[in-house]
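For reference, the structure is listed below as structure tokens.
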């Protein structure tokens, strides 16, 4: 059983690596993940395990992967996708030849593949798009690149899209090459300024259900990096329980159909 001292030490290590904050009420959750990791490593001593975390970034990377929440599926938060498909994508697509979209965190890939599907349906040409999926969880990214999903993950998709964009095999529903080739997956941390700047700018940024895992300081850092990643005329989507208005004054909320998106706040002219 984790002592409070060991729990505090492990969550400090996780926060330093990922920015994710584990509150006291998450002690049982973290203890469960640590126990799994220790078993895989053949360790019985928390002292030895802590030493391994301090000495190896790879061990920390493995633990963070176990602690991330990958609750997602195709067509999740449909009202946002509807606003994206029916209003914003045609608007930006009429002005620009190339549409850049960032999904961070992209988890196991359902969101960026959904975006690729919509771009193909609306614009009719995936070559006009650059779609990037970023996550800190390397195991989730491996599943995303594999592109095979169970019935639950695809249950919200219309049958016509399921048949057009997926093939059925013995392991589940496999994303067809058209969408697979359209999405580029990368391991990265939204709090890493150098990494975020290396991505460039995007007309659309989907950053859903990530900021809620950060404390106030990390939220402000993430918001600043999202600001840099967003094109001047771009749109940012957050999770339904998140609000940029509480974090940064650099964004303004805009209502699009039944959804709220964020744009860069116009700077005052002197």
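Any read-out appearing in this document is the output of simple, stated calculations on the displayed coordinates, not a laboratory observation. Predicted model only: the values in this text are computed from it and were never measured. Every residue, glycine as well, gets a Cβ built from its backbone with ideal geometry; the counts of neighbours run over all protein chains shown.
Relative contact order of segment 94-213: what whole-number percent is it, with Cα pairs under 8 angstrom and at least 6 residues apart?
Result for segment 94-213 is 36 percent.
Ratio of segment 1-127's C-alpha Rg to 2.2 N^0.38 Å, to two decimals?
The value comes to 1.48.
Sorted from fewest to most neighbouring beta carbons within 10 Å, what does the list 248, 65 look like?
Going from least to most buried by this count: 248, 65.
Which of these, 55, 211, 88, has the largest mean-square fluctuation under a Gaussian network model of the chain (Cα springs below 10 Å)?
55
By count of other Cβ within 10 Å, fewest leading, how are 59, 171 ordered?
Ranking 59, 171 by Cβ neighbours within 10 Å, fewest first, gives 171, 59.
Hey, what number do you get for the chain at 222 nm if only DSSP H runs of n ≥ 4 count, each worth -39500 (n - 2.57), divided across all residues, to the nearest 500?
-13000 deg cm²/dmol
Among 52, 144, 116, which one moves the most in a GNM of the chain with springs linking Cα atoms closer than 10 Å?
Taking springs between Cα atoms under 10 Å, the residue moving most is 52.
With a 10 Å cut-off between alpha carbons and a GNM built on the chain, which of 131, 92, 190 moves the most?
Answer for the Gaussian network model of the chain: 92.
On C-alpha positions alone, give me the angle between the axis of helix 46-55 and the longest principal axis of the chain, in degrees, nearest 10.
50
Report the residues of segment 61-77 in range of a label on residue 138: point 7 Å along Cα→C-beta, backbone N strictly under 19 Å from it.
Output list for this probe position: 61-70.
In degrees, nearest 10, range 0 to 90: what is the angle between the Cα axis of helix 110-123 and the longest Cα principal axis of the chain?
10
Taking 8 Å as the Cα distance limit and 6 or more residues as the minimum spacing, I'd like the relative contact order of the chain as a percentage.
17
If you average the C-alpha positions of segment 1-63 and of segment 128-189 separately, how far apart do those two centres end up, in angstrom?
About 30 Å separates the Cα centre of segment 1-63 from the one of segment 128-189.
Once volume of the Cα convex hull per residue in Å³ is worked out from the coordinates, which option in [x] 148; [y] 123; [z] 132 does it equal?
Given [x] 148; [y] 123; [z] 132, the structure-derived one carries the label [x].
What ranking, highest mean first, results for peptides 179-189, 29-39 when packing means the other Cβ atoms within 10 Å averaged over each residue?
179-189, 29-39
Rounded, prolate or oblate: which fits segment 1-71 when a ≥ b ≥ c are the square roots of the eigenvalues of the alpha-carbon gyration tensor, with rounded for a/c under 1.5 and prolate only if a/b beats b/c?
rounded
Taking the Cβ of each residue in 191, 50 as the centre, tally the other Cβ atoms inside 10 Å and list the residues starting with the fewest.
The most exposed by this proxy come first: 50, 191.
On a 0 to 90° scale, report how tilted helix 4-18 is relative to the longest principal axis of the chain, with both axes built from alpha carbons and the result rounded to the nearest 10.
The helix 4-18 is inclined about 30 degrees to the chain.
Whole number please: convex hull volume per residue, Cα atoms of segment 129-235, in Å³.
129
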